[in-house]
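Structure, as structure tokens:
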Amino acid sequence: MSISLATNHKDIQRCFPVMAQLRPHLKETEFVERVKRQQEAGYHLAFLAEKIIVKAVAGYRFSESLSWGRFMYVDDLVTAEDSRSQGHGQKLFRWLIGQARGHKCDQLHLDSGVQRFGAHRFYLASRMDIIAHHFAMKL
């Protein structure tokens, strides 16, 4: 297993089938362009592959705020449905923590949909705390 950053068209495209399991509204024909546009604003797309098969992906960015100090925000974290409970998500999560520490972050943050009970168990078992409710408004 290896973890790499998807920086070229081919690697970004390889991440789509797994990312689409978390973000089913995404269109494959627009995925690479959207990721590249976000990368210009600081987004990183990491993937864990076993041989050539992508098993898990994570999208994240670094930022700083008055409330959290320097932090990593994980936008997307998903393991392929047929590869769950095999340690891929945990390995990628530990890698993210290492990246956050390496970039001198004080905290790591993510949001998780209220319906994602399996993800919540994973985050709580990984020693994350529920610290807030996230509110949103479509405009």
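The values are calculated or read from the model by the stated rules, or taken from the named source; none is laboratory data. On a predicted model such as this, the values are computed, not experimentally measured, just so you know. Positions of Cβ are generated from backbone atoms using ideal geometry, with glycine treated the same way; all protein chains shown enter the neighbour counts.
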Being aliphatic (A, V, I, L, M) and in a helix (DSSP H, G or I) is the filter; apply it to the stretch 15-37 and report the residue that is modelled with the lowest pLDDT.
22
Residue count, the stretch 75-85, condition touching a Leu at 6+ places or on another chain (Cβ under 7 Å) and surrounded by fewer than 19 Cβ atoms within 10 Å (Cβ to Cβ), comes to 1
Given the criterion surrounded by fewer than 16 Cβ atoms within 10 Å (Cβ to Cβ), modelled with pLDDT of 95 or more and among the small types (Gly, Ala, Ser), identify the matching residue among 113, 102.
102
So residue 12 passes all but one of these: (1) within 28 Å of residue 124 (Cα to Cα); (2) of a type outside the set (Lys, Arg); (3) surrounded by 16 or more Cβ atoms within 10 Å (Cβ to Cβ); (4) in contact with a strand residue (DSSP E or B) (Cβ under 8 Å, 6 or more places away or on another chain). Which condition number does it fail?
(1)
Any idea how many residues of the stretch 58-89 are in contact with a Lys or Arg (Cβ under 9 Å, 6 or more places away or on another chain), in contact (Cβ under 8 Å) with a residue 12 or more places away in the chain and part of a strand (DSSP E or B)?
10
Residue check, residue 109 not in a loop (DSSP other than H, G, I, E, B) and not acidic (Asp, Glu):
yes
Pull out all pairs, ordered by first then second residue, where Cβ-Cβ is under 8 Å, the residues are six or more apart or on different chains, the first lies in the stretch 1-26 and is of a type in the set (A, V, I, L, M), and the second is surrounded by fewer than 13 Cβ atoms within 10 Å (Cβ to Cβ).
20/28
Go through the stretch 31-60 residue by residue and tally those that are over 11 Å from residue 11 (Cβ atoms), crowded, with 21+ Cβ neighbours inside 10 Å and among the hydrophobic types (A, V, I, L, M, F, W, C).
3
Qualifying residues in the stretch 18-30 (those that are out of contact with any helix residue (DSSP H, G or I) (no Cβ under 8 Å at 6 or more places or on another chain) and under 20 Å from residue 113 (Cα atoms)) - the one surrounded by the most Cβ atoms within 10 Å (Cβ to Cβ)
18
Subset of the stretch 38-52 (residues that are modelled with pLDDT under 95, more than 18 Å from residue 96 (Cα to Cα) and either among the charged types (D, E, K, R) or assigned to a strand (DSSP E or B) (or both))
51
Out of all the residues in the stretch 4-13, is one or more closer than 18 Å to residue 95 by Cα and assigned to a strand (DSSP E or B)?
yes
